[in-house]
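Worksheet: the structure to be examined is printed underneath.
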Amino acid sequence: MSTVPVVVVVGTGGAGLTTAIAAAEHGARVHLVEKQPGIGGMLHIANGEFSGAGSRRQRERGIDDSPQRHLEEVERISHGRIDRDLAALSVRHQGETVDWLDDLGFEFHPDCPGLIHGHEVYDVPRTYWGVEHGRSVITVLERLLAEQVAAGRVLLHLSTTMTGLLREGDRVVGVEVEHEGATRPLTGDAVVLATGGYDANLELRNRFLPEGCHDVLVGCLDHATGDGLLAAEALGAAVSSDGIFLPVMGLIPDPARPQHAVDYREAFVEMAPAYRAPHEIWVNRDGHRFVAEDTTSPEHRERALIRQPGNTMHVVFDAGVVENAPVSLIRNPADEWTPARFAEACRTSPWVTRADSLAELAALLDVDADALAASVASYNEAVTSGSDPLGRTTLPQRLDRAPYYAITTVASSILSRDGLSVDTSMRVLDTSGEVIEGLHAVGELLGNNKFAGDNYVGGMSITPAMTLGRLLGRQLASRLAGAGTKEKS
Ligand SMILES: Cc1cc2nc3c(=O)[nH]c(=O)nc-3n(C[C@H](O)[C@H](O)[C@H](O)COP(=O)(O)OP(=O)(O)OC[C@H]3O[C@@H](n4cnc5c(N)ncnc54)[C@H](O)[C@@H]3O)c2cc1C
């Protein structure tokens, strides 16, 4: 008779999958619980950009980099607001995560490692992504998971929702799950919560968002309802409340779902001038421009937008832009938005407001007509004089040919900033700073502030999720195997 440790992992995003696979590979038996019918979590929609220093791919391209340099960059970009111990632990191993994916045949996009302009730019290329974005990661992890399932080391419970944590004395010993209306316990030597964020749960999300940001759209998938956070909090776990928020820009309100964005895989407005020189102007709900549209700092424009009424802006352009802009304003990650498709959307799409005059456009947008006319006139003067009051230097053409158009976009939340407190063994801490025995957490459930502080930092959500997940799975299997708390097999 042999004995094996049992680990219960909840969630099959990048964090849960890597934890479960690593634990199984190192000798544990894993119950892997997922409330949806399939695995992958947010990787289905994510850009899937991950970062790591000192990788083989960097060395092959002569890029001089190190985890220490990466950490210094993370500190700089995050304004020093990270959890230094956790972020350092992750960054130290992120290059290994990149090499691990490489060894597994991950389909890297040929441009990586690269510099990414959707967030503040790193000083060296250390960002990677797959040909199918987040789904490329799923492809690799799905294969590894299938091997462990086939070997009987991972028991995968799909369409099964964790509804609570089970305790014996002070120790967490399992989870309660619900499947097809029936509830049952799943017990083990350790429980790992990897249930992701809370941004699709408006009430919970607004508890963490600062004042004045409650109009931001939900830009992530619906599963992010904060289940793990609430279950752990009910047991006394400490939850951060840092008051930090930066939105992503360019997401389009979904006419069919109030306070939700159109699925990012379908369409968004590209903001970064590195990818699309702006031909339009951006005005707020009062009709005023509020930032130079060609700023190269994502942080600068994101902070400007959350100061605007309703966290809302209108991208205003004219017939000349539709005819002449070299690339489509609207894109999707697969880049299928050609100028011709964009021109068609300007004629027919419900996301685009169109009018025969600026006054009519202002009325349709519920924006002050005089203010909008003044903003356009001032911009047109800037095009002529070459000098813009907001300091914009990309001044390609006047906006003076009907029809006029606007795309309304609203600041959006795509990942959770706050989360559970853990130590560097990913053991969940209570409000007194004590370990809650048996309970661990990893991934976005920890809150992105721990790894990105007061900003977005390239790859610093997916990569810590996978990197710390691998470390945790490995550690749990080894530690529990040595601890004697084992199940008969
Ligand atoms: C549009 C978009 C683009 C992004 N791009 C990037 C990027 O390029 N780089 C980056 O670093 N980050 C990016 N992110 C963020 C990143 O995708 C996530 O932070 C990360 O993937 C989260 O991984 P996770 O495993 O912690 O959680 P998730 O991937 O959210 O997985 C959690 C899983 O737990 C399951 N679950 C939840 N509750 C329960 C329950 N009660 N019972 C059972 N199962 C449950 C869910 O169904 C889900 O499968 C992006 C996010 C979005 C929305």
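Nothing in this text is a laboratory measurement; each read-out follows from the coordinates by a stated rule. A quick note: this is a predicted structure, and the numbers were derived from the prediction, not measured. Please note: Cβ atoms are built from the backbone with ideal geometry, for glycine as well, and neighbour counts cover all protein chains shown.
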**Request:** Give the residue from Gln94, Leu415, Gly458 lying farthest towards the positive end of the charge dipole for the chain; charges sit on Cβ (+1 for Lys and Arg, -1 for Asp and Glu) and the dipole is referred to the Cα centre.
**Result:** Gln94
**Request:** Determine the dipole magnitude for the stretch 305-381: charges of +1 sit on the beta-carbon of Lys and Arg, -1 on that of Asp and Glu, nothing else is charged, the reference point is the Cα centre, and the result goes in debye to the nearest 20.
**Result:** 280
**Complete:** Per the 1/(1 + (r/R0)^6) rule, R0 = 41 Å and r from the Cβ atoms of His179 and Ser357, FRET efficiency to 0.05 is 0.10
**Fill in**
Expressed in nanometres to one decimal, the distance between label points 7 Å along Cα→Cβ at Ser387 and Leu115 is 3.0
**Prompt:** Can you give the Rg and Dmax of the stretch 225-356 based on its C-alpha atoms, in angstrom?
**Reply:** 17.7, 60
**Request:** Just report the Cα centroid separation between the stretch 370-405 and the stretch 110-140, whole Å.
**Result:** 35
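Under a Cβ-only charge scheme (Lys and Arg +1, Asp and Glu -1), can you give me the dipole magnitude of the chain about the Cα centre, in debye to the nearest 20?
That gives the chain a dipole magnitude of about 980 debye.
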**Anisotropy class of the stretch 223-297 from Cα gyration tensor, a/c 1.5 cut** = prolate
**Complete:** Under the rule rounded for a/c under 1.5, else prolate if a/b exceeds b/c, else oblate, using alpha carbon gyration tensor axes a ≥ b ≥ c, the stretch 62-170 is classed as oblate
**Sequence-distant residues sharing a close amide H with Gly40 (under 5 Å, placed H)** = Thr12, Gly13
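Neighbouring Cβ atoms within 10 Å as the yardstick, rank Lys35, Lys450 fewest first.
Ordered by Cβ neighbours within 10 Å, fewest first: Lys35, Lys450.
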**Request:** Find how much the distance from Asp286 to Arg307 grows on full extension, using 0.36 nm per residue of separation minus their present alpha carbon separation; answer in nm with one decimal.
**Result:** 6.3 nm
**Selected from Phe342, His279, Ala292, residue furthest toward positive end of dipole (the stretch 277-356; charges at beta carbon)** = Ala292
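I'd like the Kirkwood hydrodynamic radius of the stretch 343-447, using the inverse of the mean 1/r over distinct C-alpha pairs, in Å. Spell out each step's value before the answer.
On the way: mean 1/r = 0.0544 Å⁻¹.
Taking every pair of different Cα atoms in the stretch 343-447, averaging 1/r and inverting gives 18.4 Å.
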**Global form of the chain, assessed from the alpha-carbon gyration tensor, a/c cut-off 1.5** = prolate
**Prompt:** Which number do you get for Rg(Cα) / (2.2 N^0.38 Å) in the stretch 128-192?
**Reply:** 1.46
**Asked** What FRET efficiency do you get for Thr3 and His214 if R0 is 51 Å and r is their Cβ-Cβ distance, rounded to the nearest 0.05?
**Response** 0.50
**Prompt:** Helices from the chain with mean Kyte-Doolittle at least 0.0 and a Cα length along the axis of 18 Å or more, per DSSP H: which?
**Reply:** 134-150, 369-385, 462-483
**Prompt:** Taking R0 as 35 Å, what's the FRET efficiency between Thr431 and Leu158 from their Cβ-Cβ distance, rounded to 0.05?
**Reply:** 0.55
**Item:** Relative contact order (%) - the chain, alpha-carbon pairs under 8 angstrom, separation at least six
**Value:** 26
**Message:** Check which residues have an amide H placed less than 5 Å from Val7's amide H, if you skip close sequence neighbours.
**Reply:** Arg29, Val30, His31, Asp189
**Fill in**
Footprinting proxy, Val124, Val8, Val131: sorted fewest to most Cβ within 10 Å, the residues are Val131, Val124, Val8
**Asked** Considering the dipole of the chain built from charges on the beta carbon (Lys and Arg +1, Asp and Glu -1) around the Cα centre, which of Leu217, Leu17, Ala237 is farthest to its positive end?
**Response** Leu17
**Message:** For Tyr404, Tyr275, which order do you get if you count the other beta carbons within 10 Å of each Cβ and list the fewest first?
**Reply:** Tyr275, Tyr404
